[in-house]
Amino acid sequence: MTNIVILTGAGISAESGLGTFRDKGGLWAKFNPAELASPRAFAENPARVHEFYNMRRENCVASSPNAAHLALARLEQNHLGRVLIVTQNVDDLHMRAGSVNVLQMHGDLLQAKCAKCDVKWRAALVMSKEDYCPGCGSQSCRPDIVWFGESPYHMAAIRTAISACDLFVVIGSSGSVYPAAGFVTAARGLGIATLSINLEEPSRSAAFDHVMVGPATQMVPRWVDQMLIRKGKK
Ligand code: APR
């Protein structure tokens with residue numbers, strides 16, 4: 001019975017219309033991450049940071065899960081072993097597709113938190129620096145996003161899950177940002193089988209035992225079918 005950990009990146013949501021970061025025309029080609037995705041950027045200009053995440057939140061709410069998200073939910077529901085999705089994405093498309101076992105290591109676009117007292121709540125579609133924290137009443141509300149220079153969420157649980165899995169899969173990630181980019185090397189070092197599903201050959205192809213190249217909406221359902229047929233479940 002294989003336990004599977006799946007790391008997803010912006011590429012799995014690309015065909016749902018949500019931008020990636022480093023592809024041609026990606027978000028970091030249009031916007032400067034240093035001005036929008038760091039605690040200093042928020043301290044210097046909270047209105048600009050809220051505007052950026054309000055735009056992304058609106059796009060997220062208007063988007064729908066695609067065939068890749070739905071296939072991963074089908075895998076979780078039918079695979080006999082454990083299936084854990086560790087996503088770098090801050091959209092909610094995995095959950096809306098029906099996946100339950102999901103860790104959002106870079107935060108959640110639909111959640112807000114207080115920079116002062118750390119209370120969290122469901123974000124309004126449009127947040128502003130004038131919002132009041134429902135916990136302490138201060139006006140220090142920010143998106144519950146892990147910014148550059150901050151520690152990702154769930155790292156202990158992620159490391160434990162990777163060390164206990166039999167297959168580590170990376171879907172739609174450029175492998176540019178640590179610690180997520182280092183997970184495949186850790187898995188390989190433990191003798192765990194590794195698979196890349198990406199529009200292109202992975203930048204570090206030596207880290208992967210298997211590589212599937214093509215759009216996630218085609219490759220992920222194909223891979224899930226292979227996994228479930230092998231297990232006699234469709
Ligand atoms: N199907 C499969 N893969 C795709 C598709 C697609 N339709 N479209 C793009 N990709 C792949 C690209 O080839 C690329 O390898 O998705 C990857 C997107 O890479 P990035 O834009 O770097 O996104 P990601 O790896 O998720 O970035 C990691 O960086 O800025 C931070 O916090 C941000 O979580 C993000 C992190």
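The values are calculated or read from the model by the stated rules, or taken from the named source; none is laboratory data. Remember, predicted model here, so these are calculated numbers, not experimental data. Note that each Cβ is placed from the backbone with ideal geometry, even for glycine, and that neighbours are counted across all protein chains shown. We work out accessible area using only protein heavy atoms, side chains counted, and drop any ligands, DNA or RNA first. Shrake-Rupley method; radii C 1.70, N 1.55, O 1.52, S 1.80 Å.
Please compute the per residue accessible area over the chain with all protein chains in place, 1.4 Å probe, rounded to a whole number of Å².
With the other protein chains kept in place, the chain gives 46 Å² per residue.
To the nearest 20 debye, what is the magnitude of the charge dipole of the chain about its Cα centre, counting +1 on the Cβ of each Lys and Arg and -1 on the Cβ of each Asp and Glu?
Dipole magnitude for the chain comes out near 400 debye.
Please report the antiparallel percentage of DSSP beta bridges with both residues in the chain, rounded to the nearest 5.
So the antiparallel bridges in the chain amount to around 25 percent.
What FRET efficiency would be calculated for the residue pair VAL177, CYS136, taking the C-beta separation as r and a Förster radius of 45 Å, to the nearest 0.05?
Here the calculated transfer efficiency is 0.90.
Report the charge-dipole magnitude of region 162-229 in Debye, nearest 20, computed about the Cα centre from +1 at each Lys and Arg Cβ and -1 at each Asp and Glu Cβ.
The calculation lands at about 100 debye.
Using a 1.4 angstrom probe and counting only protein chains, how large is the accessible area of MET127 in Å², to 10?
Looks like 10 Å² after rounding.
What FRET efficiency comes out for GLU44 versus VAL119 if R0 is 30 angstrom and r is the Cβ-Cβ distance? Round to the nearest 0.05.
According to the calculation, E is roughly 0.80.
Could you report the accessible area of LEU125 in Å², rounded to 10, computed with a 1.4 Å probe on the protein chains as they sit in the structure?
About 80 Å², rounded to the nearest 10.
Quick one: how many lysine pairs does the chain have with C-alpha atoms less than 24 Å apart and a gap of 8 or more or different chains? Give me the count, please.
4
What do you reckon, how do SER140, SER99, SER174 stack up by accessible area (1.4 Å probe), largest on top?
On the way: SER140 30, SER99 5, SER174 60 Å².
Of SER140, SER99, SER174, the descending order of accessible area is SER174, SER140, SER99.
What number comes out for the charge environment of ASP23, summing +1 per Lys or Arg and -1 per Asp or Glu over other residues with Cβ under 13 Å away?
In short, +1.
Would you please give the residues with an amide H less than 5 Å from that of ALA124, counting only those at least 5 places away or on a separate chain, with H modeled from the backbone geometry?
Here nothing satisfies the definition.
With point charges of +1 on the Cβ of Lys and Arg and -1 on the Cβ of Asp and Glu, referenced to the Cα centre of the chain, which listed residue (VAL119, VAL213, GLY149) lies farthest in the positive direction of the dipole?
The one lying farthest along the dipole's positive direction is VAL213.
Summing Lys, Arg as +1 and Asp, Glu as -1, what charge do residues with Cβ under 12 Å from the Cβ of GLU51 carry, GLU51 excluded?
Here the charged neighbours net out to +2.
Could you tell me the relative contact order of the chain? Use alpha-carbon pairs under 8 Å, at least six residues apart, and round to a whole percent.
On the way: 438 pairs, mean separation 56.6, N = 234.
Relative contact order of the chain: 24 percent.
Give the accessible area for LYS129 in Å² (nearest 10); use a 1.4 Å probe, count only protein heavy atoms, and leave out ligands, DNA and RNA.
Estimated to the nearest 10 Å², LYS129 gives 100 Å².
Compute all pairwise cysteine Cβ distances in the chain, then list the cysteines with no distance under 4.7 Å to another cysteine.
Lone cysteines by the Cβ rule: CYS60, CYS141, CYS165.
Please list, in chain and number order, the residues 5+ apart from MET212 or on another chain whose amide H is under 5 Å from its amide H, with Hs placed from the backbone.
Result for MET212 returns SER196, ILE197, ASN198.
Alpha carbon centre of region 142-156 versus region 12-48: separation in Å?
The distance from the Cα centre of region 142-156 to that of region 12-48 comes to 15 Å.
Evaluate the distance, in nm, between pseudo-label points positioned 7 Å from the Cα of GLU200 and of PHE148 along their respective Cα→Cβ axes.
1.9
Taking 0.36 nm per residue of sequence separation and subtracting the Cα-Cα distance, how much length would be gained by fully extending the chain between ARG22 and HIS210, in nm to one decimal?
The ARG22-HIS210 span can extend by a further 65.4 nm.
Roughly how many debye, to the nearest 20, is the charge dipole of region 36-106 about its Cα centre, given +1 on each Lys and Arg Cβ, -1 on each Asp and Glu Cβ, and no other charges?
100
Would you list LYS113, LYS120 from the most to the least accessible area, probe 1.4 Å?
Working: LYS113 30, LYS120 90 Å².
Ranking LYS113, LYS120 by accessible area, largest first, yields LYS120, LYS113.
Please work out the Cα center distance from region 102-133 to region 183-198, rounded to the nearest Å.
Taking the Cα centre of region 183-198 as reference, the centre of region 102-133 is 32 Å away.
If you take the charge dipole of the chain about its Cα centre, with +1 on Lys and Arg Cβ and -1 on Asp and Glu Cβ, which of HIS69, ALA47, SER13 is farthest toward its positive end?
The Cα lying farthest towards the positive end belongs to HIS69.
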